[in-house]
Amino acid sequence: MTATAQRQRQTPVPRRKRLPVSNFAAKTTMALTGLVFVGFVFVHMYGNLHIYRGQEEFDHYAHWLREILMPLLPYEGMLWILRVVLLLSLVLHIGCGVLLWSRARRARGAFPRQGLHRPDALMARYMLGTGVVLLLFVVFHILDLTLGVQPVAAGSFEAGSAYANLVASFQRPLVAAFYMLTMLVLTVHVAHGTWTAANDLGATGKRLRQVAAWVAGLVAVAICLGNISIPVMVLLGVIQ
């Protein structure tokens, strides 16, 4: 054995540095929190469709949300629990998303692979961008219809008047257009995100992946059409 070989055998192999958060843990966290948001936006869309039943029914639904599980919980108690859960999910979702994106960017190096034109690859590439758009929309939506902050909200905003506030907001063409465009962005994000979540949570079989893709697409389209129909009907004067 040569001296060089002996030195190589004697030199300890450096131990691989363990990541504080593994890619598996980050992907699983993103999948679970993403499904929380998908469930929320679907239920939120269903609640918004109460507007077609008239002002009294829509305002009653909005008021009912604040009284869920009373007197076991205080007024708006369940809403605050949901807000905390959604906020924690948002922090975890964004944090893990940025972490995985930065690691993938470092792994690609200075010469990333070219020629990936598959639909799923293109959708994955824009997930961070669509996520940023949705985050900005959430902030705008809260300022507009929850807090009534001027000049974001309509000038006629009145706390507690859910129906009137929603109609007044969508009677502004720019706000309605921004909402509808955001719903298209949401469709892409929900469709690809739900399909990815199913894969990350173990849906690896070919047939199961196909079912997950169909379910993800149908849920995303249903959310999009249900939400977009409201500003369209407001602009057409059907809802007023």
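No value in this document is a laboratory result; all are computed from the given coordinates. The shown structure was predicted, so the numbers you read here are calculated from the model rather than taken from an experiment. FYI the Cβ positions are ideal-geometry reconstructions off the backbone, even for glycines, and counts take in every protein chain you see.
Could you work out Rg/(2.2 N^0.38 Å) for region 157-215, with Rg from alpha carbons only? Intermediate values should be presented prior to the final figure.
Numbers: Rg = 18.1 Å, N = 59, 2.2 N^0.38 = 10.4 Å.
Its radius of gyration relative to the 2.2 N^0.38 Å reference: 1.74.
Restricting to Cα pairs below 8 Å that are 6+ residues apart, what does the relative contact order work out to for region 184-240? Please round to a whole percent. Mind dumping the intermediate values first?
Values: 30 pairs, mean separation 22.5, N = 57.
Reported as a whole number, the value is 39 percent.
Which ³J(HN,Hα) values, rounded to whole Hz and listed in residue order, are derived for region 39-50 from phi using the Karplus coefficients 6.51, -1.76 and 1.60 in 6.51 cos²θ - 1.76 cosθ + 1.60 with θ = phi - 60°, glycine and proline given as x?
Listing the rounded values in order: x, 5, 5, 5, 5, 5, 5, 4, x, 5, 5, 4 Hz.
Of Thr194, Thr28, Thr146, which is the most mobile in a GNM of the chain whose springs link Cα atoms less than 10 angstrom apart?
Evaluated over the chain, the most mobile residue of the options is Thr146.
Around Ser156, with a cut-off of 14 angstrom between Cβ atoms, what is the net charge of the other residues, counting Lys and Arg +1 and Asp and Glu -1? Can you show the working numbers first?
Working: positive: Arg172; negative: Asp144, Glu158.
After counting each charged neighbour, the total is -1.
Looking at the chain, identify the longest residue range that excludes and avoids all chymotrypsin sites (Phe, Trp or Tyr not before Pro) in DSSP loops having at most 15 other Cβ atoms within 10 Å.
127-240
Grab the alpha carbons of the chain, take their convex hull, and tell me the volume per residue in Å³.
On the way: hull volume 50.4 nm³, N = 240.
Per residue, the Cα convex hull of the chain comes to 210 Å³.
How big is the charge dipole of the chain about its Cα centre, in debye rounded to the nearest 20, if each Lys and Arg gets +1 on its Cβ and each Asp and Glu gets -1 on its Cβ?
Values: 21 positive and 9 negative charges, 490 e Å.
Taking the Cα centre of the chain as origin, the dipole is about 2360 debye.
Give the residues of region 74-106 whose amide nitrogen is closer than 11 Å to a point set 7 Å from the Cα of Arg66 in the direction of its Cβ.
Counting backbone N atoms under 11 Å from the label point, the list is 75-77.
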